[in-house]
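Asks: The following block contains the structure, expressed as structure tokens.
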Amino acid sequence: MDTLRALTVKEFCQQYGIGQTQFYEEVKEGRLPVRKVGRKSLITRDDAESWLQSLPRLEMQAA
């Protein structure tokens, strides 16, 4: 659902194609902010997109 303003950990991992171990590593290293509501962890869509844009680009060099 694109109308949701925040994603759960599971939703984030599914939509951005990473595993939960990598997700928690990104959080631990401070690259991905997480908000808490009780025990639930949420990632805002804005934070998710900022994280995606911050990833390094793969530069291909001609042979």
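Asks: For the structure I just gave you, tell me whether residue 41 is hydroxyl-bearing (Ser, Thr, Tyr) and in a strand (DSSP E or B).
Replies: Answer is yes for this residue.
Asks: Then there's this: Residues of region 2-17 being in contact (Cβ under 8 Å) with a residue 24 or more places away in the chain and part of a helix (DSSP H, G or I), which ones?
Replies: 9, 12, 15, 16
Asks: Shifting gears a bit: If you go through region 1-33, how many residues are out of contact with any Lys or Arg (no Cβ under 9 Å at 6 or more places or on another chain), among the aliphatic types (A, V, I, L, M) and over 16 Å from residue 52 (Cα atoms)?
Replies: 1
Asks: What number of residues within region 37-55 satisfy the criterion of being loosely packed, with under 15 Cβ neighbours inside 10 Å and within 11 Å of residue 8 (Cβ to Cβ)?
Replies: Summing the residues that are loosely packed, with under 15 Cβ neighbours inside 10 Å and within 11 Å of residue 8 (Cβ to Cβ) in region 37-55 gives 2.
Asks: Restricting attention to region 18-31, does a residue exist that is in contact with a Leu (Cβ under 9 Å, 6 or more places away or on another chain), assigned to a loop (DSSP other than H, G, I, E, B) and of a type in the set (Val, Ile, Thr)?
Replies: Among the residues of region 18-31, not one is in contact with a Leu (Cβ under 9 Å, 6 or more places away or on another chain), assigned to a loop (DSSP other than H, G, I, E, B) and of a type in the set (Val, Ile, Thr), which makes the answer no.
Asks: Between residues in region 28-40 that are of a type outside the set (Phe, Trp, Tyr) and residues that are part of a loop (DSSP other than H, G, I, E, B), which pairs lie under 6 Å by C-beta distance while being six or more apart or on different chains?
Replies: none
Bear in mind that the values in this text are calculations on the coordinates, not laboratory data. The structure presented is a predicted model; accordingly, all values stated were derived computationally and were not measured. Neighbour counts are summed over all protein chains in view; Cβ atoms, including those assigned to glycine, are modelled from backbone coordinates with ideal geometry.
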